[in-house]
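S.K.: The structure is given below, and queries will be raised subsequently.
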Amino acid sequence: MKLKPIVLLAMLLTLAVVGTLLALQKTEGSNASPSKVGGDFTLSSANGAVSLSDFEGQAKLLFFGYTHCPDVCPLTLANVKVGLKQLPEALRNQVKTIFVSVDPERDTFDHLEQYVSFFDPSFVGLTGTKEQIDQVVRQYGAFYRIEEGDAKNYTVSHSARVYLIGKDNQIKQYLYHDSSSEEIAAAIKKLLQPS
């Protein structure tokens, strides 16, 4: 009988920590200067090495996640897809969406390509070694943590920030997993068609 309150307390503490981390990330993201983080990087796709600078002349939407994510990643990618569809084709063609997997053990290049293509064939899925991923995650002020579980069934806690990057490869704005498709479309339009 004494175990139940302890387990409940541990669960509440875990939820509090996760909630605090997400709240802090959102607060820091809105107050931080985007120009202090980011920059070019190179990871790998099913078609070989890809660098952020390969998409010169395009705006970029960059998101860190993993394909087995039950909620945040599919919601974010779906909102991005719908947001892009709200833009005129001429603007939509100036945007590249890049999904970086922080779970290279399960997210093989082929699996990652199938996953992002499900949302939109133009989306690019990238990953690399743990060391390469950690470098890019640090570079962008993101975070992730592999949670306990067996070798094939585990979850990954990760940041939920979407980076809107300009044609100059500088971060212009932070969006989030709960940003609506309208907010995403408006942010891209503002970037590409400033008044």
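S.K.: Take the residues of segment 76-96 that are touching a residue at least 40 places away in the same chain (Cβ under 8 Å) and polar (S, T, N, Q): which is surrounded by the most Cβ atoms within 10 Å (Cβ to Cβ)?
M.R.: THR76
S.K.: Answer with yes or no whether PHE64 is in a strand (DSSP E or B) and out of contact with any Leu (no Cβ under 8 Å at 6 or more places or on another chain).
M.R.: In short, yes.
S.K.: When you scan segment 61-74, do you find a residue that is under 14 Å from the mean Cα position of the chain (by Cα), of a type in the set (A, V, I, L, M) and within 14 Å of ASP178 (Cβ to Cβ), even just one?
M.R.: Yes, there is a match, as at least one residue in segment 61-74 is under 14 Å from the mean Cα position of the chain (by Cα), of a type in the set (A, V, I, L, M) and within 14 Å of ASP178 (Cβ to Cβ).
S.K.: Among the residues of segment 152-166, is any among the small types (Gly, Ala, Ser), over 15 Å from GLN58 (Cβ atoms) and more than 14 Å from the chain's Cα centre (by Cα)?
M.R.: Among the residues of segment 152-166, not one is among the small types (Gly, Ala, Ser), over 15 Å from GLN58 (Cβ atoms) and more than 14 Å from the chain's Cα centre (by Cα), which makes the answer no.
S.K.: Among the candidates VAL102, VAL124, VAL156, VAL162, which residue alone is aliphatic (A, V, I, L, M), at negative phi and touching a helix residue (DSSP H, G or I) at 6+ places or on another chain (Cβ under 6 Å)?
M.R.: VAL102
S.K.: How many residues does segment 149-182 contain that are assigned to a helix (DSSP H, G or I) and crowded, with 16+ Cβ neighbours inside 10 Å? Spell out how you get there, then give the answer.
M.R.: Narrowing segment 149-182 to residues assigned to a helix (DSSP H, G or I): 181-182.
Adding the requirement that they be crowded, with 16+ Cβ neighbours inside 10 Å leaves 181.
Total meeting the criteria: 1.
S.K.: Now, a different point. Here are some residues: LEU43, LEU52. Which one is of a type in the set (A, V, I, L, M) and farther than 19 Å from TYR174 by Cβ? Give the steps one after another, and end with the answer.
M.R.: On the way: LEU52 fails: farther than 19 Å from TYR174 by Cβ.
Exactly one of LEU43, LEU52 is of a type in the set (A, V, I, L, M) and farther than 19 Å from TYR174 by Cβ, namely LEU43.
S.K.: Please find, among ASP107, ASP54, the residue that is modelled with pLDDT of 95 or more and either assigned to a loop (DSSP other than H, G, I, E, B) or in contact with a Leu (Cβ under 6 Å, 6 or more places away or on another chain) (or both). Steps first, please.
M.R.: On the way: ASP54 fails: either assigned to a loop (DSSP other than H, G, I, E, B) or in contact with a Leu (Cβ under 6 Å, 6 or more places away or on another chain) (or both).
On inspection, the qualifying residue turns out to be ASP107.
S.K.: Additional query: Is it fair to say TYR66 is touching a residue at least 60 places away in the same chain (Cβ under 8 Å), of a type in the set (Phe, Trp, Tyr) and farther than 21 Å from ILE188 by Cα?
M.R.: Working: touching a residue at least 60 places away in the same chain (Cβ under 8 Å): yes; of a type in the set (Phe, Trp, Tyr): yes; farther than 21 Å from ILE188 by Cα: yes.
So TYR66 passes the test.
The values are calculated or read from the model by the stated rules, or taken from the named source; none is laboratory data. Computed from a prediction, not measured in an experiment: that's the story for all the values here. Counting neighbours? That spans all protein chains shown, and the Cβs are built from the backbone with ideal geometry, glycine included.
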